[in-house]
Amino acid sequence: MPELPEVETIKKQLADLVVGEVVERVEVRREKSLRGDSRLIEGRKIIEITRVGKYLFFHTDKRTGIEGHLKMTGRMIVANGKEYETAKHTRVVMHFRGGKKLYFWDVRVFGYLEIVYDSRQQESKRTQKIGKEPWDLTHAEFLTLTQRYARPIKNLILDQALISGVGNIYANDALWKARIDPRRPANSLKMSEAKLLLLALREVLERGLATGGASDNSYVDALNKRGSYQDEFLVYRRTGEPCLVCQNKIARVVVGGRGSFYCPRCQK
Ligand SMILES: [Zn+2]
């Protein structure tokens, strides 16, 4: 599932590729993938692409815009190649006046593009409902957050309403970096541990951004290129492989329904 670094990568590329383009028409190949009335976006010029958590927004020269979410397997590809034109899982094609096309491709069909009447208002609605990103949280705010909950720390950092943008990959790797067992009750974290974890979250997300994200599953960026963070996973999906610090075998447990990978020796 695309996480913050992957969605941010796509946002930056879309800003280069479609800002200034005028929407000619929207071709819907699968009803479920396009919400709202696509005619409202025809003739509108894209002026800005923004991101809130994992939501992407296409703002136009009028109020009408688009909210998009990739969910599990979504892709937004800007290309003229034949591959996505004929791909089975291409769900929506946005045609621009100059001939450019944006393909919304999605195997599982949980992702969507939604035509919204007021994209700025929709953006602020989303902003209010989700937590801050690790870069915007202060150490004190993060500590306060952890002390409020007794559930496992890993569940807390995955809860988008509390902290936004962290998904399973980066949560696992950050907990390993901070040497914290994913099952630890959040409110058992000491101030020093909370500080380390917040720094670790920022570090792994920055690494994700620098490598263009993780393509261990179906993720590719807007240019149809894979990221390379999967080549440097710290613990994620490394069950049975040696810990990069102590050589002990990485173990897997399920925490809050999600596969969790950790070093039983390093993480307490
Ligand atoms: Zn270890």
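Just a few scattered comments:
- Exceeding the 21 Å Cα-Cα cut-off - candidates Lys132/Lys268; Lys11/Lys100; Lys12/Lys88; Lys154/Lys177: Lys132/Lys268; Lys12/Lys88
- Cut-off 9 Å between beta-carbons: net charge of the residues surrounding Gly213, Lys and Arg +1, Asp and Glu -1: -3
- Label-to-label distance, nm, for residues given as Met72 and Ala15 (7 Å Cα→Cβ offset): 3.1 nm
- FRET E, pair Glu114, Leu199, Förster distance 41 Å, beta-carbon r, rounded to 0.05: 0.70
- The charge dipole of region 109-268, taken about its Cα centre with unit charges on the Cβ atoms of Lys, Arg (+1), Asp and Glu (-1) only, comes to about 660 debye.
- The charge dipole of region 1-145, taken about its Cα centre with unit charges on the Cβ atoms of Lys, Arg (+1), Asp and Glu (-1) only, comes to about 440 debye.
- If you take all other residues with their beta carbon under 13 Å from the beta carbon of His139, and give Lys and Arg +1 and Asp and Glu -1, the sum is +1.
- Amide hydrogen neighbours beyond the local backbone of Gly131, cut-off 5 Å, H modeled: Ala161, Leu162, Ile163, Ser164
- Descending semi-axes in Å of region 128-200, equivalent ellipsoid built from Cα gyration tensor: 16, 13, 12
- Under-5 Å amide H pairs with Ile250, H placed in peptide plane, nonlocal only: Gly240, Glu241, Cys243
- Database remark: amide H of Val116 closer than 5 angstrom to the amide H of Gly65, Ile66, Glu67 (H placed geometrically; neighbours at sequence offset of 5 or more, or on other chains; Pro and chain starts carry no H).
- Figure legend: label point modelled 7 angstrom from the Cα of Asn217 along Cα→Cβ; residues of region 43-67 with amide N under 17 Å from it are 54-55.
- Rg(Cα) / (2.2 N^0.38 Å) computed for region 203-268, rounded to two decimals: 1.25
- Estimated at 0.36 nm per residue, the fully extended path between Asn187 and Thr144 surpasses their Cα-Cα distance by 14.6 nm.
- Just so you know, the Cα atoms of region 22-135 work out to an Rg and Dmax of 13.8, 40 Å.
- Couplings 3J(HN,Hα) for region 107-116, derived from phi with the Karplus relation 6.51 cos²θ - 1.76 cosθ + 1.60 (θ = phi - 60°), are 6, 7, 6, 9, x, 6, 10, 10, 7, 10 Hz, where x marks Gly and Pro.
- Nearest-20 debye value, the chain charge dipole, Cβ charges on Lys, Arg, Asp, Glu: 680 debye
- Each distinct pair of alpha carbons in region 120-268 adds a 1/r term; the inverse of their mean, the Kirkwood radius, is 15.9 Å.
- Solvent-free Debye calculation, one equal scatterer per alpha-carbon of the chain: log10 I(q)/I(0) at 0.07, 0.09 Å⁻¹ equals -0.27, -0.44.
None of the figures in this text is laboratory data; all of them are computed from the coordinates on show. Keep in mind it's a predicted model, so treat the numbers as computed, not measured. As a convention, Cβ positions derive from the backbone with ideal geometry for all residues, glycine included, and neighbour counts pool all protein chains shown.
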